[in-house]
Amino acid sequence: EIGGTWDLFKYPGIRSDSDMFTLGYSFRPWTEPKVLADGPSIRQYVEDTAKDYDVTRHIRFGRKVVKANWSSEDSQWSVETTNEKTGEKETFTSNFLFSCTGYYNYDQGFRPDFPGEEDFKGQIVHPQHWPEDLQYQGKKVVVIGSGATAVTLVPAMAKNGADVTMLQRSPTYVATVPEVDPISVGMRRFLPEMAVYRFARARNIGIQRLVFKLSKQRPKLVRRALLAAARRQLGDDFDMTHFRPSYNPWDERLCAVPNGDLFKSLRKGESKVVTDHIERFTENGILLKSGQELEADIIITATGLNIQMLGGVQGTVDGKPVNPNDTMVYKGAMLKDVPNMALVFGYTNSSWTLKADIIVERQACKLGV
């Protein structure tokens, strides 16, 4: 189906961690009020865009791409696929190959092997493979992790009645962003939708660039601002060591939470955060290196995803394998000595879509489109 990430991930509270004015398409306004949108809304936006621009009929769904070979003799690519419904092998040929697969393995998430897992009597769940029938209301849940998935899951599950503890090995910078953009809401009353969208997009790009630049040039200033904002939302009695990272802002990606929902959940006592290392799993939960044991009925391993370039496709040039790790990448879009091929690799400190736009426009110009 159409949707990619937003079709695959089904965990509670799934949403973007980039604002929709920059994550959305430059040519089709995002018109919903939410700045950080929920997964189903984003998937619908992607699907509607594909229909509006007559893209859907050009897509072959349910194909697993296995291999792609460039033939210098024929001056074309041969792409070998498997029809996942029938098992039939299919080959497609083209003059140009464009990889838009991201950089994650969508078949399997990153799952560390924790000592004593086999002793745990409860359920262990990775967010990438969320069971649709998982009943967590009224149960003790430990979420392992402190990244975008964890800070999304904790307030969402707590709101639905779970007793949630976020277990992190080290703190992460967490910044609050408005759930709704009041400026855009006001401007929609008297300006066309596209004008409002372009203004918000340009403004947010500018803010993102400024924050990133300041983080690199004045890291202490940005750190103080982020920690002060977190302190105001958590209250004076909260132990701030849980939100005081050892690194500077934007040495790792910042986490964004709409209207400070994570902070509100912690302040109200609906959820908890523990910073410690895991010694082992036990029958009833997790034993920490400090000696504390966290009881759990369900353990969520929000431990991230596995890196995988080109969707795991084995690329070859005249039968010789090409390893992207050993190949120079030109302007984040093309691989050295790989003809008529491009890939999309977006920004890591801003919305992925912004860089994707630049790459697509560049390739379109080269192809004379």
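So here's what we get for this one:
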{"quantity": "Cα-centre dipole for region 111-303 with unit charges at Cβ (Lys and Arg positive, Asp and Glu negative), debye to 20", "calculated": "1620"}
{"quantity": "Charge dipole magnitude, Cβ of K and R +1, D and E -1 - region 1-99, Cα centre, debye nearest 20", "calculated": "200"}
{"quantity": "Given the chain, longest segment not containing exposed loop trypsin sites (Lys or Arg not before Pro) (DSSP; at most 11 other Cβ within 10 Å)", "calculated": "190-267"}
{"quantity": "Share, in percent, of DSSP beta bridges within the chain that are antiparallel, nearest 5", "calculated": "50"}
{"quantity": "Dipole magnitude of the chain about its Cα centre (Cβ charges: Lys, Arg +1; Asp, Glu -1), debye to nearest 20", "calculated": "1680"}
{"quantity": "Dipole of the chain [Lys/Arg +1, Asp/Glu -1 at C-beta], most positive-end residue of His242, Phe96, Asn83", "calculated": "His242"}
{"quantity": "Euclidean distance of C-alpha centroids, region 32-96 and region 204-222, integer Å", "calculated": "36"}
{"quantity": "Calculated FRET value between Phe61 and Asp337, using beta carbons and R₀ = 51 Å, to 0.05", "calculated": "0.95"}
{"quantity": "Diffusion coefficient, µm² s⁻¹, Stokes-Einstein with Kirkwood Rh over alpha-carbon pairs of region 111-303 at 25 °C and 0.890 mPa s", "calculated": "133"}
{"quantity": "Nearest 10 degrees, 0 to 90: helix 219-234 Cα axis against the chain principal axis", "calculated": "60"}
{"quantity": "Between region 1-31 and region 117-181, the Cα center-to-center distance that results, in Å", "calculated": "20"}
{"quantity": "Region 136-245: chymotrypsin sites (Phe, Trp or Tyr not before Pro) in DSSP coil with no more than 11 other Cβ atoms inside 10 Å", "calculated": "Phe190"}
{"quantity": "Sequence of Met341, Met194 from largest to smallest accessible area, 1.4 Å probe", "calculated": "Met194, Met341"}
{"quantity": "Area of Thr49 that stays accessible when all protein chains are in place (1.4 Å probe, Å², to 10)", "calculated": "10"}
{"quantity": "Tilt relative to the chain, helix 193-217 - C-alpha long axis, 0 to 90 degrees, to 10", "calculated": "70"}
{"quantity": "log10 of Debye I(q)/I(0), alpha-carbon scatterers only, for region 3-154 at 0.09 Å⁻¹", "calculated": "-0.45"}
{"quantity": "Positive dipole terminus of region 266-330, leading residue within Gly319, Gly269, Ile298 (C-beta point charges)", "calculated": "Gly269"}
{"quantity": "Farthest toward positive dipole pole in the chain [+1 Lys/Arg, -1 Asp/Glu at C-beta], among Ala50, Leu254, Tyr197", "calculated": "Tyr197"}
{"quantity": "Coil-residue chymotrypsin sites (Phe, Trp or Tyr not before Pro) of region 1-68, DSSP, other Cβ within 10 Å capped at 16", "calculated": "Tyr25, Phe27, Tyr53, Phe61"}
{"quantity": "Relative contact order for the chain, counting Cα pairs under 8 Å that sit 6 or more residues apart, in percent", "calculated": "26"}
{"quantity": "His129 - accessible surface, heavy atoms, 1.4 Å probe, Å² rounded to 10", "calculated": "100"}
{"quantity": "Rounded to the nearest 10 Å², the accessible area of Leu97 at probe 1.4 Å", "calculated": "40"}
{"quantity": "Cα convex hull of region 41-106 - mean projected area over all directions, nm²", "calculated": "6.1"}
{"quantity": "Exposure rank, largest accessible area first [Thr353, Thr101; 1.4 Å]", "calculated": "Thr101, Thr353"}
{"quantity": "Degrees separating the helix 148-159 axis from the principal Cα axis of the chain, which is the longest one", "calculated": "50"}
{"quantity": "Heavy-atom accessible area order for Val66, Val164, Val177, largest first, 1.4 Å probe", "calculated": "Val66, Val177, Val164"}
{"quantity": "DSSP beta bridge pairing in region 111-303, given as percent antiparallel to the nearest 5", "calculated": "20"}
{"quantity": "Segment Arg253-Ser290, length gained on full extension (0.36 nm per residue, minus Cα span)", "calculated": "10.5 nm"}
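The values are calculated or read from the model by the stated rules, or taken from the named source; none is laboratory data. Please read all numbers here as calculations on a predicted model, not as lab measurements. Here Cβ is always computed from backbone atoms with ideal geometry, including for glycine, and neighbour counts include all displayed protein chains. Calculation scope for accessible area: heavy atoms of the full protein, side chains included, ligands and nucleic acids excluded. Shrake-Rupley method; radii C 1.70, N 1.55, O 1.52, S 1.80 Å.
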